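The next block holds one structure in the form of structure tokens; read it before the comments.
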Amino acid sequence: MTTIRVDMGRMRIRLQGHAGAGEKGQDLVCAGITALTNAMLARAGEFDGRVRIGTEAEVEICFPEMATAQRMLEAGAPESLAGEMDRMRACRSMIWTVTEGWLALAEQYPEHVRVEIGGLSDGI
């Protein structure tokens, strides 16, 4: 099973495990997870994203600068930071769009995909 943990507060995503819905190279659930993840990775650089690849079945993506911008926005950031706030909102939107795809896969294939939305206490 692939477990995907999404922490919107820290703007961090962790994927672990294999979907196990088919043979290697023939697993359509894995292909869906990979396609969504690759879409996020393709844009990660726009938001100063950091990627850590552990074992072949573990990937972590985080956006620490965007998480800082989010905290500033919540604290009432000044108008001079409007550009950074726009980037943070775009990053959140990208994360949620991909997460919606992962959630759809988890709903359709619950024995192969689990999505957890909440805090991640460790990682990058």
Practice task
Please determine, by comparing only the residues of the range 35-57 that are under 13 Å from the mean Cα position of the chain (by Cα), surrounded by 13 or more Cβ atoms within 10 Å (Cβ to Cβ) and of a type outside the set (A, V, I, L, M), which one is nearest to Met88 (Cα to Cα).
Solution key: Phe47
Exercise for the section: Enumerate the pairs (first residue in the range 89-103 and within 17 Å of Arg71 (Cβ to Cβ); second residue anywhere and at pLDDT below 90 and among the aliphatic types (A, V, I, L, M)) with beta-carbon separation below 6 Å, excluding pairs fewer than 6 apart on the same chain, so at least 6 apart or on different chains. Expected result: Cys91/Met66
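Output yes when any residue across the range 90-97 is part of a loop (DSSP other than H, G, I, E, B) and modelled with pLDDT of 90 or more, and no when none is.
no
Does the range 19-67 hold any residues that are assigned to a helix (DSSP H, G or I), within 28 Å of Gly83 (Cβ to Cβ) and touching a residue at least 60 places away in the same chain (Cβ under 8 Å), and which are they? Please lay out each step first, then the result.
Within the range 19-67, the subset assigned to a helix (DSSP H, G or I) is 28-47, 64-67.
If we keep only those that are within 28 Å of Gly83 (Cβ to Cβ) too, we end up with 36-47, 64-67.
If the condition is that a residue be assigned to a helix (DSSP H, G or I), within 28 Å of Gly83 (Cβ to Cβ) and touching a residue at least 60 places away in the same chain (Cβ under 8 Å), then Leu36, Thr37, Pro64 are the ones that fit.
Considering Arg87, Arg14, which residue is modelled with pLDDT of 90 or more, of a type in the set (D, E, K, R), surrounded by 15 or more Cβ atoms within 10 Å (Cβ to Cβ) and on the phi < 0 side of the Ramachandran plot? Break it down stepwise before answering.
Working: Arg87 fails: modelled with pLDDT of 90 or more.
Matching residue, one of Arg87, Arg14: Arg14.
The values are calculated or read from the model by the stated rules, or taken from the named source; none is laboratory data. Predicted model only: the values in this text are computed from it and were never measured. Cβ coordinates were reconstructed from backbone atoms using ideal geometry, including for glycine residues, and neighbour counts include every protein chain displayed.
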